[in-house]
Every structure is written in C-alpha cells, then in structure tokens.
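Every number in this text was worked out from the coordinates using simple rules, so none of it is lab data. Just so it is clear, the structure is predicted and the values come from calculations on it, not from any experiment. Quick reminder, even Gly has a Cβ in these numbers, built from the backbone with ideal geometry, and neighbours come from all protein chains shown.
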Amino acid sequence: MATEKAYKLLAFQKEISNKKAKELIDKGLVYVGDQKVKIARAEIADDTKFRVEKLEDIKVIFEDDNILAINKPAFMDSYDVQDNIFGATLLHRLDRETSGILLFGKNEEWTAKAIEAFRQRQVEKEYVAWVEGVVYEETDIDMPISTHKHNGKAFSKVDLKKGKPARTKIKPLEIQGKKSKIDIQIGTGRTHQIRVHLSHINHPVVGDEFYGSRTKAKRILLHAKRIALLGYNLEAPEPADIQKYK
C-alpha cells in the first residue's frame, strides 16, 4: 500500500499549502475517524480520509477603557489571539487546548497595575475540568513544581527539592461514571500546574495523555472559568464539552 506524509496528504486533499496543513496537525485539529493525527511527518496510507475540526470564534466577554476579556476557544494559542488584537497587552496565557477567559490590558497605567497584581498573586483564578476517577471531597494540593524544556516543549513535575511553591484547591461538582467534574482554584500560576497536580493525585484531566490520562478526547477538558482582579470579576461561559461529559 502506498503511503505519504500526513501533512502532504492533508494539503493535497484540502487544497491548502503544506505549511498550513502542518499547522493544522500541530494544533491538534486533524483527525482520522476518532483518532487525532499527532505527527505531521508520519507516513500514512494515501487513501486515508481526514477530518479537520474548525476553531470556534473568539467571543468578547467584557470591555471597557482598561480591560478586554475574551473567551478563548480550545486549540488556539494565546499569542495568536494577541496578534489579532491591536493595541492591547496580553496579561497571562492559557495552554493551547485550554478554553476560557483571557485578559488584555488596554492602557499602560492599568496594565502595569494588572501585571503587578499577577506578580503579587492578588488574582483569583477559577477553572473547571473533567478528570479521571471519582472525586469525593474537597482537596488542597500544596506541592512544589519544577518545569523543564525538552525539544522545545515544557514539561512540569512535582519536585520536592527544586520545585517552586504551587497550590491548587479542588472541589467535586458532578460524577458521571468514572469521571468527575471539578471546580479548581489556584493561588499560583506555574506552568501546567493544574494538570501536574491533578495527575499527582491520580485524577489527571480527561484527554491529557501527556500527564497520564488514558481517555482519548478531542482535547484536554479544562476551562478557565473566572478571573477576579483590581475590582473586576469576569466569567467565561462553559463550552458544550465542559458543560456535560459526552
């Protein structure tokens, strides 16, 4: 059976450039059946039929002279969002597959105050996720985390010797089969903090194969629900895949 590199075959089928095809695969938007295509250069049968998931539109939650709050769709990079918003400064970021609230500062004075509030941990951040296993009770995870880079990708772990302080509080919301929907509040913002902490207590986020989930999903089922800072309290509506599991 003849084969071709996945991105080249996708480019041919969808009549797009090789570069665009590779970007779609790298962003996790390309599927064969229910299986995500993970490696753009992988050899694949040349009669393979691809399905490309469409990105949802960016929705504005709130805007005034100081702040712009948007609901970032899953699979969109925070910096790609910034590139499309003129005259505003990205105040924090979300992982590509994480949906939810993303904040931008609109003037220098307020932006400086907001950056300082993030630095001083004077920001309330609340998430919601579906996780593996049954979560029965509230849990406070207070474990240091260290982050390392490998082949250009960040990888974090609980590290009692060299890790930086990290704290995550979780509360069960709903149980469906052997999956739980939980509320998450974090007092720190370490790289992949929520994903690492939940994996550490054997409740990885559904779809997060990188940190131990054994359930295949279109994405990591994590949503940034609410942020409060400097008198603002802003919330991003949950997308359908977070509102109800399957």
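Quick notes on this structure:
- Segment 165-179 and segment 76-135 have their alpha-carbon centroids 21 Å apart.
- Furthest towards positive pole of dipole, 173, 123, 91, structure part segment 86-173, Cβ charges: 91
- Based on the Stokes-Einstein relation at 10 °C and a viscosity of 1.306 mPa s, and on the Kirkwood radius from alpha carbon pairs, segment 45-125 is assigned a translational diffusion coefficient of 113 µm²/s.
- Per-residue ellipticity at 222 nm, computed for the chain from helices alone with -39500 (n - 2.57) per DSSP H run of at least four residues, works out to -5000 deg cm²/dmol.
- Loop trypsin sites (Lys or Arg not before Pro), segment 1-92 (other Cβ atoms within 10 Å of the site Cβ: 12 or fewer; DSSP): 38, 41, 49, 54
- 15 Å Cα-Cα reach of residue 216 towards aspartates and glutamates, excluding residues that sit fewer than 8 places from it in its own chain: 34, 97, 132, 208, 241
- Across segment 1-60, Cα-Cα distances exceeding 15 Å account for 44% of all pairs.
- Taking 14 Å as the straight-line reach from the Cα of residue 169, the aspartates and glutamates in range (excluding those fewer than 8 positions away in the same chain) are 124, 126, 137, 138, 140, 142, 183.
- Radius of gyration (Cα atoms) of the chain, expressed as a multiple of 2.2 N^0.38 Å: 1.08.
- For trypsin sites (Lys or Arg not before Pro), the sites in segment 190-243 that DSSP calls loop and that have at most 11 other Cβ atoms within 10 Å are 214, 216.
- Filter on 162/244; 38/106; 36/59; 19/162; 19/179; 38/72 - keep pairs with C-alpha separation over 32 Å: 162/244; 38/106; 19/162; 19/179
- Sparse packing (at most 16 other Cβ atoms within 10 Å of the Cβ) combined with a DSSP loop state is found for the following trypsin sites (Lys or Arg not before Pro) in segment 145-178: 161, 162, 178.
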